[in-house]
Amino acid sequence: MMGEVSSASRPSIRERFRLQWEPVQAAHVLLYPEGMVKLNQSAAAILTRCDGATTVADIVADLERTCSATGLGPEVCAFLEHAVRQMWLELRE
């Protein structure tokens with residue numbers, strides 16, 4: 001499903017992608033048949049929480065707790081919208 005990211009959306013990594021830690025890269029990567037995307041720490045922190053069951057609101061709350069930060073919602077949503085456009089994620093309601 002393509003669409004706007006909302007607090008109730010439940011993002012999940014698309015079937016043809018696999019998120020994993022890559023020791024050689026010293027980073028999380030998103031693997032797909034045509035290649036690989038090396039993720040920065042923030043992107044990895046978000047994508048590791050995209051399990052198709054957890055809402056965007058819960059992902060933001062968990063990140064804010066983990067990072068001892070507030071106001072992360074706009075940045076998280078902007079990244080999730082980018083990931084949907086890149087076809088890395090699908091959104092469930």
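The values are calculated or read from the model by the stated rules, or taken from the named source; none is laboratory data. A quick note: this is a predicted structure, and the numbers were derived from the prediction, not measured. Virtual Cβ from ideal backbone geometry, glycine too; neighbours counted across all protein chains shown.
If you check VAL29, VAL76, VAL24, VAL37, which single one turns out to be of a type in the set (A, V, I, L, M, F, W, C) and within 10 Å of the chain's Cα centre (by Cα)? None of the others qualify; the one that does is VAL76. For VAL24, the conditions (1) of a type in the set (A, V, I, L, M); (2) touching an Asp or Glu at 6+ places or on another chain (Cβ under 9 Å); (3) part of a loop (DSSP other than H, G, I, E, B) all hold with the exception of (2). Contact annotation: residue pairs with Cβ atoms under 7 Å, 6 or more positions apart or on different chains, pairing a residue in region 17-37 that is in contact (Cβ under 8 Å) with a residue 40 or more places away in the chain and surrounded by 13 or more Cβ atoms within 10 Å (Cβ to Cβ) with a partner that is of a type outside the set (A, V, I, L, M) and assigned to a strand (DSSP E or B), are PHE17/TYR32. For VAL5, the test of being surrounded by 11 or more Cβ atoms within 10 Å (Cβ to Cβ), within 11 Å of the chain's Cα centre (by Cα) and of a type in the set (Val, Ile, Thr) is failed. Could you please let me know if GLU93 is of a type in the set (D, E, K, R) and modelled with pLDDT under 95? Answer is yes for this residue. Between a residue in region 51-67 that is under 23 Å from ARG18 (Cβ atoms) and any residue that is aromatic (Phe, Trp, Tyr), which pairs come within a Cβ distance under 9 Å, given they are 6 or more apart or on different chains? Listed by first residue and then by second, the contacts come to nothing, as the list is empty.
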